[in-house]
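K.L.:
Dropping a structure here in structure tokens format, bear with me for questions.
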Amino acid sequence: MTDAATVSVLMQTSLGDMTIELDAAKAPKTVANFLAYVDAGHYDGLAFHRVIKDFMIQGGGYVAPDYSEKKTGKQIENECNNGLKNTRGTIAMARTSDPHSATSQFFINHADNAFLDGKPGQWGYAVFGKLTAGADVLDKIGSTPTGRIRPFGQDVPVEPVVIVKVSRV
């Protein structure tokens, strides 16, 4: 049973489904941002465009299969110092070197990645939820063959892995 501080989403992918519990108590701005994209259907039809086995799978910004960039909203404040850690099966916001540059892109940790956590004087990557079902799908995506594919270069799935739909459950 979830409380008002948590909400779950179902992420249907071309390799199976994952259920993700979002932690609005610890990452309220990040969860609100992610759910706004979910409710708008933003993630439907996008690709996991960066996959690194035993590290993470990243998606949320590019349309499958041509990897055209999808328009996003404004950047959000980084909530990396919320006590949530980048451990296997957690979802976090992707960003540029600017700590407050996250918009729609996210990644799911395929391993424990403590080096991505915030530290005093160093911005990390804001975790805002965790898988509650679908670890096998995370492993399938994380193990998919990758190569050098435009426009990204390396670590792109050879066969696109598509986010079919993300919806609240």
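K.L.:
Give me the residue from the stretch 122-169 that is of a type in the set (D, E, K, R), under 16 Å from the mean Cα position of the chain (by Cα) and farther than 19 Å from Asp54 by Cα and, out of that set, surrounded by the most Cβ atoms within 10 Å (Cβ to Cβ).
P.N.:
Here the answer is Lys165.
K.L.:
Scan the stretch 56-93 residue by residue and report those that are in contact with a Phe, Trp or Tyr (Cβ under 7 Å, 6 or more places away or on another chain), of a type in the set (A, V, I, L, M, F, W, C) and not in a loop (DSSP other than H, G, I, E, B).
P.N.:
Met56, Ile57, Ile91, Ala92, Met93 - these are the residues of the stretch 56-93 that are in contact with a Phe, Trp or Tyr (Cβ under 7 Å, 6 or more places away or on another chain), of a type in the set (A, V, I, L, M, F, W, C) and not in a loop (DSSP other than H, G, I, E, B).
K.L.:
Restricted to the stretch 106-117, and to residues that are out of contact with any Lys or Arg (no Cβ under 7 Å at 6 or more places or on another chain) and crowded, with 21+ Cβ neighbours inside 10 Å, which residue is farthest from Val156 (Cα to Cα)?
P.N.:
This residue is Asn113.
K.L.:
On to the next question. Taking Phe48 and the conditions (1) crowded, with 21+ Cβ neighbours inside 10 Å; (2) assigned to a loop (DSSP other than H, G, I, E, B), which numbered condition does it fall short on, given that it satisfies the others?
P.N.:
Evaluating Phe48 over (1) crowded, with 21+ Cβ neighbours inside 10 Å; (2) assigned to a loop (DSSP other than H, G, I, E, B) leaves (2) as the failure.
K.L.:
Any idea which residue in the stretch 104-139 is farthest from Asp23 (Cα to Cα), counting only those that are touching a helix residue (DSSP H, G or I) at 6+ places or on another chain (Cβ under 8 Å) and among the hydroxyl-bearing types (Ser, Thr, Tyr)?
P.N.:
Looking at residues that are touching a helix residue (DSSP H, G or I) at 6+ places or on another chain (Cβ under 8 Å) and among the hydroxyl-bearing types (Ser, Thr, Tyr), I get Ser104.
K.L.:
Go through the stretch 83-96 and give me each residue that's under 27 Å from Ala40 (Cβ atoms) and either more than 14 Å from the chain's Cα centre (by Cα) or surrounded by fewer than 23 Cβ atoms within 10 Å (Cβ to Cβ) (or both).
P.N.:
Within the stretch 83-96, Leu84, Gly89, Ala94, Arg95, Thr96 qualify.
K.L.:
Just to verify a result, which residue in the stretch 58-82, among those that are of a type in the set (A, V, I, L, M) and touching a Leu at 6+ places or on another chain (Cβ under 7 Å), is surrounded by the fewest Cβ atoms within 10 Å (Cβ to Cβ)?
P.N.:
Per the criteria, the residue is Val63.
K.L.:
Checking the structure you have, find out if any residue of the stretch 115-137 is farther than 20 Å from Leu35 by Cα, in contact (Cβ under 8 Å) with a residue 40 or more places away in the chain, touching a strand residue (DSSP E or B) at 6+ places or on another chain (Cβ under 6 Å) and part of a helix (DSSP H, G or I).
P.N.:
yes
K.L.:
Only one of (1) surrounded by fewer than 21 Cβ atoms within 10 Å (Cβ to Cβ); (2) out of contact with any helix residue (DSSP H, G or I) (no Cβ under 8 Å at 6 or more places or on another chain) fails for Asp54. Which number is that?
P.N.:
Every listed condition holds for Asp54 apart from (2).
K.L.:
If Ser97 passes every condition in (1) without any contact (Cβ under 8 Å) to a residue 12 or more places away in the chain; (2) hydroxyl-bearing (Ser, Thr, Tyr); (3) touching a strand residue (DSSP E or B) at 6+ places or on another chain (Cβ under 6 Å) but one, which one does it miss?
P.N.:
So Ser97 meets the others, but not (3).
K.L.:
Which residue pairs have Cβ atoms under 6 Å apart, sit 6 or more places apart or on different chains, and have a first residue in the stretch 142-161 that is over 15 Å from Gly16 (Cβ atoms) and touching a residue at least 24 places away in the same chain (Cβ under 8 Å) and a second that is of a type in the set (Lys, Arg) and assigned to a strand (DSSP E or B)?
P.N.:
These pairs meet every condition: Asp155/Arg50.
Only the coordinates and a few stated rules stand behind these numbers; no lab work does. Here the structure is a predicted model, which is why all the values come from computation and not from measurement. Cβ atoms come from the backbone with ideal geometry, glycine included; neighbour counts cover every protein chain shown.
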